[in-house]
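Peer 1: Handing you a structure now.
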Amino acid sequence: MRKQFDEVLDGPASDSHAEMARPALKERLRRPLMLALPVLLVVLGIGKYLAGERYVETDDAFVRAAKDSINARVSGQVVEIAVRENQRVRKGQLLFRIDAQPYKIAVAQAEARLSSARIQVEALKTTYRQQLAELQSARDSADFDRREYERKKGLLASDFASRASYERAETDFKVARQHIASARQAVANSVAGLNGDPDIEASRHPTVREAQAQLDRARLELSYTDVVAPDDGIVTQVDDLQAGDFVGSGTAVFSMMSSRHIWVEANFRETGLTRMRPGQAATIDVDVYPGHGFKAHVVSMSPGTGSEFSVLPPENATGNWVKVVQRLPVRLEFDAVDPKWPLYSGISVTARVDTLREPLQAVAATAVAR
């Protein structure tokens with residue numbers, strides 16, 4: 001009972017003490033809060049400013065892909081089309097085939113010419129050996145006629161031989177020397193026909209090499225009758241080509257969009273290019289795949305704005321000139337192309353470049369230096 005009475009007496013005093021302590025605590029916290037709040041606001045403002053200045057973004061950007069014109073390297077009639085519209089193909093895959101029969105005939109003709117050239121070379125070698133034998137025979141005959149001429153000449157001086165026999169021996173000796181000269185000329189002609197080397201291999205002879213080159217060309221043109229994909233990609237406008245059509249050499253018949261050589265052409269405002277450099281990291285948001293970002297990097301910047309390369313560039317005369325912020329095309333390439341997320345040429349994207357990131361080339365150079 002007494003304990004309850006004491007609590008009743010002490011209660012008002014304790015409440016009064018707590019109420020006196022609260023104003024003192026508020027006074028101690030007021031000054032730090034008043035100082036910290038402006039500092040916090042300044043820090044947040046600077047952070048937001050730096051974050052905004054660091055990233056440069058534009059939605060004036062589009063996906064581009066290398067476009068290949070599919071054409072035949074030889075002319076002929078199309079006998080087979082191996083792909084269909086918008087089909088994905090791999091490098092080296094057959095697209096269409098041209099009638100190969102005329103080119104097979106050309107190969108057979110070239111093979112025959114090559115065989116004939118080799119036979120001609122072997123015939124020249126045989127003729128050369130025969131002419132060498134004839135030259136030696138002419139020399140032996142001339143040597144005999146020379147001795148006979150000298151003998152008759154001595155006998156004529158001693159009156160043991162008639163002048164007629166002497167003149168006949170002299171004539172035979174002159175004819176023998178002419179036969180030697182003729183045989184030498186024939187041998188020289190044969191050596192020239194063998195390209196100056198009587199022991200030349202048939203495969204090294206110019207005539208054979210020319211025939212071999214013609215055969216190689218004929219075989220190459222035969223291989224061109226199978227038109228294959230130059231790269232991985234998707235073929236389009238295939239329906240413009242039909243079996244039975246005649247196509248000329250170099251004539252484009254349909255197109256193919258590459259699935260590997262893909263990039264982004266982003267048109268950034270000139271005011272955002274101050275710190276942009278090749279190699280800086282970028283993020284690409286594709287409208288086709290919302291929420292999925294593609295990693296990329298800056299490759300190059302155009303040497304001029306888009307208007308500079310137009311057919312009729314604008315003429316900003318002094319009287320009507322109004323300053324307009326120009327846009328500069330910047331090329332961005334993807335770090336990796338994932339087949340799970342196919343990209344299509346011409347689709348819209350949003351490009352965002354981190355201009356405070358050290359370019360990849362500089363990072364690589366620094367790593368090598370270390």
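The values are calculated or read from the model by the stated rules, or taken from the named source; none is laboratory data. Everything numeric in this text was worked out from a predicted model, so none of it was measured. A quick note on method: Cβ atoms are made from the backbone with ideal geometry, for glycine too, and the neighbour counts reach across all protein chains shown.
Peer 1: List the residue pairs whose Cβ atoms are under 6 Å apart, where the first residue sits in the stretch 261-272 and is surrounded by fewer than 16 Cβ atoms within 10 Å (Cβ to Cβ), the second is part of a strand (DSSP E or B), and the two are 6 or more positions apart or on different chains.
Peer 2: Filtered contacts from the stretch 261-272: 269/327; 270/328.
Peer 1: Regarding residue 238, is this residue in the same structural domain as residue 301 (by TED's automatic domain parsing), in contact with a Leu (Cβ under 7 Å, 6 or more places away or on another chain) and modelled with pLDDT of 90 or more?
Peer 2: When the stated conditions are applied, residue 238 does not pass them.
Peer 1: If I ask for residues that are in contact with a strand residue (DSSP E or B) (Cβ under 6 Å, 6 or more places away or on another chain) and not charged (D, E, K, R), which ones from the stretch 94-135 would you list?
Peer 2: 94, 95, 96, 98
Peer 1: Same structure, new question: Just to be sure before I move on: is residue 189 outside any helix (DSSP H, G or I), surrounded by fewer than 17 Cβ atoms within 10 Å (Cβ to Cβ) and polar (S, T, N, Q) in the structure I sent?
Peer 2: Answer is no for this residue.
Peer 1: Here's a follow-up. I want to confirm something. Restricting to the stretch 127-178 and keeping residues that are part of a loop (DSSP other than H, G, I, E, B) and polar (S, T, N, Q), which single residue is surrounded by the fewest Cβ atoms within 10 Å (Cβ to Cβ)?
Peer 2: Filtering first and then ranking leaves 158.
Peer 1: When you go through (1) closer than 22 Å to residue 90 by Cα; (2) charged (D, E, K, R); (3) not in a loop (DSSP other than H, G, I, E, B) one by one for residue 231, which number turns out not to apply?
Peer 2: Residue 231 satisfies every listed condition except (3).
Condition check ((1) at pLDDT below 95; (2) farther than 23 Å from residue 231 by Cα; (3) among the hydrophobic types (A, V, I, L, M, F, W, C)) across all residues:
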{"residue": "72", "(1), (2), (3)": "yes, no, yes"}
{"residue": "102", "(1), (2), (3)": "no, yes, no"}
{"residue": "110", "(1), (2), (3)": "no, yes, yes"}
{"residue": "113", "(1), (2), (3)": "no, yes, no"}
{"residue": "128", "(1), (2), (3)": "yes, yes, no"}
{"residue": "137", "(1), (2), (3)": "yes, yes, no"}
{"residue": "146", "(1), (2), (3)": "yes, yes, no"}
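Peer 1: Here are the criteria: (1) farther than 17 Å from residue 94 by Cβ; (2) crowded, with 19+ Cβ neighbours inside 10 Å; (3) in contact with a Ser or Thr (Cβ under 9 Å, 6 or more places away or on another chain). Tell me which single one residue 275 does not satisfy.
Peer 2: The number of the failed condition is (2).
Peer 1: What are the pairs, 6+ residues apart or on separate chains, where a residue within the stretch 138-150 that is within 12 Å of residue 171 (Cα to Cα) has its Cβ under 6 Å from a residue that is of a type in the set (Lys, Arg) and assigned to a helix (DSSP H, G or I)?
Peer 2: So the pair list comes out as 142/177.
Peer 1: Scan (1) modelled with pLDDT of 90 or more; (2) under 16 Å from residue 268 (Cα atoms); (3) surrounded by 15 or more Cβ atoms within 10 Å (Cβ to Cβ) for the single condition residue 334 breaks and write down its number.
Peer 2: (2)
Peer 1: Just wondering, is there one or more residues in the stretch 216-229 that are farther than 29 Å from residue 69 by Cβ, hydrophobic (A, V, I, L, M, F, W, C), touching a helix residue (DSSP H, G or I) at 6+ places or on another chain (Cβ under 9 Å) and not assigned by TED's automatic domain parsing to the domain that holds residue 64?
Peer 2: no
Peer 1: When you scan the stretch 69-95, how many residues do you find that are part of a loop (DSSP other than H, G, I, E, B) and of a type outside the set (S, T, N, Q)?
Peer 2: 10
Peer 1: Test each condition in (1) crowded, with 20+ Cβ neighbours inside 10 Å; (2) modelled with pLDDT of 90 or more; (3) part of a strand (DSSP E or B); (4) small (Gly, Ala, Ser) for residue 255 and report the one that comes out false.
Peer 2: Tallying (1) crowded, with 20+ Cβ neighbours inside 10 Å; (2) modelled with pLDDT of 90 or more; (3) part of a strand (DSSP E or B); (4) small (Gly, Ala, Ser), residue 255 fails exactly one: (1).
Peer 1: Condition first: farther than 22 Å from residue 100 by Cα and either surrounded by 13 or more Cβ atoms within 10 Å (Cβ to Cβ) or of a type in the set (Ser, Thr, Tyr) (or both). Can you find one or more residues in the stretch 213-229 that meet it?
Peer 2: No.
Peer 1: Enumerate the pairs (first residue in the stretch 195-224 and within 22 Å of residue 124 (Cα to Cα); second residue anywhere and among the aromatic types (Phe, Trp, Tyr) and exposed (fewer than 13 other Cβ atoms within 10 Å of the Cβ)) with beta-carbon separation below 6 Å, excluding pairs fewer than 6 apart on the same chain, so at least 6 apart or on different chains.
Peer 2: That search, which allows pairs on different chains as well, returns nothing.
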